[in-house]
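Each remark here refers to the structure printed beneath this line.
The values are calculated or read from the model by the stated rules, or taken from the named source; none is laboratory data. Remember, predicted model here, so these are calculated numbers, not experimental data. When we count neighbours, we look across all protein chains shown, and the Cβ atoms used for this are built from the backbone with ideal geometry, even at glycine.
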Amino acid sequence: MIEETDNELMYQVKSGRLDRLSLLFDRYQAPLFGFFRSLTRDAEQSADLVQNVFYRILKYRNQFQGGQFRTWMFHIARNVHRDQYRRKNKAVKVSIDHYRDQLKEEVEADFDLHTREQHHQLRKAMDALPEDKKEILLLSKYQEKNYKEIGALLGCSEGTVKVRVFRALHELRVLYHQLEKKEIL
């Protein structure tokens, strides 16, 4: 018996044979779980995220236009993770725009000690970032280039740029808070 391809199964799901989604689930449950597990380090959360991916595949099945099913599925997986991450970390946001404005003002005026310490901590956090993350933040936030322009510069898609900026901002926030905690101690 010839095994059906992922795309053939997805086209069947798209045409209303929803039972065929279980075959795709069987094929991709483990790889998706591994993907999420490496991102979250939480087995329970990873299992939930896998379920959310297949829920979205079902919900958006009519948007599948061909191409590689696996690529489309992992695009959905990245969105599911990003959405979950945003919900989880909404309260921990540190806006880089706030600090960009502070950097501009520092050149024009003499800041008080607290502001200079924040600026110094931000600079230290930026210096601690890997070069690729520092570069993408500088392009997007300080040079104010849009994602399409950055994508053209880096040879990648706008979506890739968005994800890279999101990840770089997250890492910058983490580093900034770590530095902030060290200063308090």
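Structure values in brief
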item	result
Long-range neighbours under 9 Å by Cβ, at least six apart or interchain, first residue at negative phi within the stretch 1-12, second of a type in the set (Phe, Trp, Tyr) and assigned to a helix (DSSP H, G or I)	THR5/PHE69; ASP6/TYR28; ASP6/PHE69; ASN7/PHE69; LEU9/PHE69; MET10/PHE69; MET10/TRP72
Matching residues, the stretch 59-92, being in contact with a Phe, Trp or Tyr (Cβ under 7 Å, 6 or more places away or on another chain) and surrounded by 19 or more Cβ atoms within 10 Å (Cβ to Cβ)	TRP72, MET73, ALA77, HIS81
Residues of the stretch 118-177 that turn out to be aromatic (Phe, Trp, Tyr) and surrounded by fewer than 16 Cβ atoms within 10 Å (Cβ to Cβ), as a count	2
Boolean, GLN12 is over 25 Å from ARG167 (Cα atoms), touching an Asp or Glu at 6+ places or on another chain (Cβ under 9 Å) and either among the polar types (S, T, N, Q) or buried (at least 16 other Cβ atoms within 10 Å of the Cβ) (or both)	yes
Selection within the stretch 27-58 - crowded, with 19+ Cβ neighbours inside 10 Å and either at pLDDT below 90 or not in a helix (DSSP H, G or I) (or both)	PHE35, PHE36
